[in-house]
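See below for the structure under consideration.
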Amino acid sequence: MNVKTDFTTPRKLNISHLFFVVAMILIIIAADQFELPNEILRSQKQHLELRAIGDRLLHDANDATSVVPPIQQINEHTLRLRLHQSMAINPDRLADLSIKHLNEEVALHSVIQVLDSQTEAVVYGFEIDHTQALDIPCLGRILPEANYVVEVSFYDPIPLEGNFPSLTFASASLLLTIFGFSFLKEKKPNQNQKDPEMSDGWKLDLALAQIQSKDQRIQLTEKESQIMAILFEHIEQLVTRDHLIEEVWLKHGIVTSRSLDMYISRLRKKLGPLNAFEIVNQHGKGYILKKRTTDQINGQF
């Protein structure tokens, strides 16, 4: 299925567009003035430092032969070291190793957790913030011998250094984001685009984000309106999940998976009182907007 549903059209250049262009120029200037952090190198350093912590924990356990296991990347910010050897962990020692290896060059802010390898329950944890002094809890209480997982979540980017007089790279990025959003918000529904119409006098008003009949109005959000426009256009036909996510989210630079289910659930609640349409789920495939028959409508009462 290849359906293109265009909800917006550019307006004439105004002051917000001008600011958007200026912000782009500023961020280019800022980028030229700073030595940008190499995110790949930073990620590699985080992996190496966590391996170094694992090596010292093995050494403390008098294990000079085991190899430090590969570091697992749990998500964008979190790394995990699964220790296959049973050992006791001294929180004092773990805190010292973490402060030494997870320094400002690795991340300004780190959260360190020790998990039980079997249940993955958190048995100990603390945070390191290099911008302020934080107390580390429960020092001096040895964790009993067991198989543990050390998990570290990194936050806060590496601070940039430079001599640009009044602009930082971060502030330039923020300007670009703000005015870019303002630029997008200036787009309005295409007045030449025909609103999707259903039988029995129902239609979807894209400009007002409403499902309308002669005497009823169902208010929708922008995303709900976009989803309904696609479903209306293909009434009684399967619209795949991938197609809806592509049209409503990915084309706007947003990555999502669970949001679609949430919006479908909301739409079903809003369509419920109409007794005219229903959204049917085909598990693992997508959704079908169906028109209820007279018998089905009467069966509601």
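Enumerate the pairs (first residue in region 258-271 and over 11 Å from Thr221 (Cβ atoms) and touching a residue at least 12 places away in the same chain (Cβ under 8 Å); second residue anywhere and part of a helix (DSSP H, G or I) and of a type outside the set (Lys, Arg)) with beta-carbon separation below 8 Å, excluding pairs fewer than 6 apart on the same chain, so at least 6 apart or on different chains. Pairs found: Leu260/Ile227; Leu260/Leu244; Leu260/Ile245; Leu260/Val248; Ile264/Ile227. Of the helices (runs of 4 or more DSSP H) lying entirely inside region 217-299, those containing at least 1 residues that are farther than 16 Å from Leu204 by Cα, modelled with pLDDT under 85 and not aliphatic (A, V, I, L, M) span 258-271, 294-298.
Flag: Asp96 matches the condition of being open to solvent by 80 Å² or more (accessible area, probe 1.4 Å), on the phi < 0 side of the Ramachandran plot and among the acidic types (Asp, Glu). For region 103-137, a residue qualifies if it is in a loop (DSSP other than H, G, I, E, B) and in contact with a helix residue (DSSP H, G or I) (Cβ under 6 Å, 6 or more places away or on another chain), and the qualifying residues are Val106, Ile136.
The values are calculated or read from the model by the stated rules, or taken from the named source; none is laboratory data. These numbers were taken from a predicted model, which means no experiment stands behind them. Methodologically, a virtual Cβ is constructed for each residue, glycine included, from the backbone with ideal geometry; neighbour enumeration extends over all protein chains shown. Accessible surface is based on the protein model in full, side chains and every heavy atom, while ligands, DNA and RNA are left aside. Shrake-Rupley method; radii C 1.70, N 1.55, O 1.52, S 1.80 Å.
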